[in-house]
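The values are calculated or read from the model by the stated rules, or taken from the named source; none is laboratory data. All values derive from a computational prediction rather than experimental measurement. Virtual Cβ from ideal backbone geometry, glycine too; neighbours counted across all protein chains shown. Just the protein is used for accessible areas: all its heavy atoms, side chains included, with ligands, DNA and RNA removed. Shrake-Rupley method; radii C 1.70, N 1.55, O 1.52, S 1.80 Å.
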Amino acid sequence: MRALIDANALIDTTPWTGYQRMLTALAAIAIVIDGFDIQILAIVVPSLMQEWQLTRSAFAPVLALGLAGMACGGPAFGYLGDKLGRRPALIGSVVLFGLATTATAFIDSIAALAVLRFLTGVGGGGAAPNASALAAEFAPIHRRAAAVKLTIVCIPLGGMLGGLVAAQVLPVFGWRTLYMIGGLIPLAFAAVLWVGLPESPRFLAGRAS
C-alpha cells in the first residue's frame, strides 16, 4: 500500500527552504515587471503628446482602459488559476502583457494604444492574484504572510524601476525603445518561469483529492 502524504501539512511543518524562497522570488519578479509595464504609459505621455499632436486629456480614456483591463484580468486569470493551475495562469498573463507592451512600440494612433493598453491591463491584472497565490502556497504557514507581502510591494517597486529606466532610455532612444524593453523583458522572463517555476503543490494536492 502507498502511504498518503498531506502536502499542505508537509509544507507547513517544514522550514522555508532556499528553493521555496527562490520560487517566491520568481513570482515576485513577475509582479515587478508587471508594475514596470503598467507605469510606462504615464511616463511616455508627454512624448506621445508631442509626436501625435494631442492634448493630455486625450489620454485620459486610455489610462482608464488600462485600469478596466486590470479589473477584468484579475478575476479572469484568477478563475483560470483555480481551474487550470497557478503556473499556466501566471505565465499566460506575463506573456499577454509582454506581447501587448511590445506591440505598443509599433503603433501610430491613440485608438491602437487604447486597445493595447486594455490588453496590457488584462495581463497585468491577471498576474497579481496568481503570483500571490503561488507565493502563499509555496511558503510554510509561518512565512506565508511575509511571502504574500513580498509580492504586493513589488507592484510599486516595478513602477519605481520603470521611472529609473525611463530616465535613462527615454531622452536618448525615445518612447518606442522603452516599450520594446518593457515588452521583451516579460517575454524572456516567461520562458524563465516556464523552465523554473513548478505548479503549486497545494493546488496539485487539491486537484488529486
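List of remarks:
- For the stretch 45-172, the relative contact order is 28 percent, taking Cα pairs closer than 8 Å that sit 6 or more residues apart in sequence and dividing their mean separation by the residue count.
- Accessible surface, 1.4 Å probe, highest first, among residues Val95, Val169: Val95, Val169
- Rounded to the nearest 500, the 222 nm mean residue ellipticity of the chain from helices alone is -29000 deg cm²/dmol, with -39,500 (n - 2.57) taken per DSSP H run of at least 4 residues.
- Based on alpha carbons, the Rg and Dmax found for the stretch 170-209 are 17.5, 56 Å.
- Residues in the stretch 111-155 reached by a label modelled at Arg21 [backbone nitrogen below 17 Å; 7 Å Cα→Cβ]: 135-136, 138-151
- Reciprocal of mean inverse Cα separation for the stretch 139-182 (Kirkwood radius, Å): 12.3 Å
- Cα-Cα separations in the chain greater than 23 Å, expressed as whole percent: 46 percent
- Accessible surface area normalised per residue over the chain is 49 Å², counting heavy atoms of protein chains with a 1.4 Å rolling probe.
- Choice from Pro186, Pro140, Pro46 with maximal GNM fluctuation in the chain (Cα, 10 Å cutoff): Pro46
- Taking Cα atoms only, the orientation of helix 144-173 departs from the longest principal axis of the chain by about 30 degrees.
- Carbon and sulfur %, accessible surface of the stretch 32-90 computed with the full protein complex present, 1.4 Å: 67 percent
- Helix 60-84 axis versus longest C-alpha principal axis of the chain: approximately 20°, rounded to the nearest ten.
- The angle between the Cα long axis of helix 18-52 and the main principal axis of the chain comes to about 10°, on a 0 to 90 degree scale.
- Cα→Cβ-extended label distance, 7 Å offset, between Gln50 and Thr177, nm: 1.4 nm
- Computed over the stretch 115-209, the convex hull of the alpha-carbon atoms projects to a mean area of 7.8 nm².
- Top of Leu48, Leu113, Leu90 by mean-square fluctuation, Gaussian network on the chain, Cα under 10 Å: Leu48
- Local electrostatic count, Ala89, Cβ distance below 9 Å [Lys/Arg +1, Asp/Glu -1]: +2
- Check: the chain dipole with +1 on Lys, Arg Cβ and -1 on Asp, Glu Cβ, in debye: 360 debye
- Shape metrics for the stretch 52-122, restricted to C-alpha atoms - Rg then Dmax, Å: 13.7, 46
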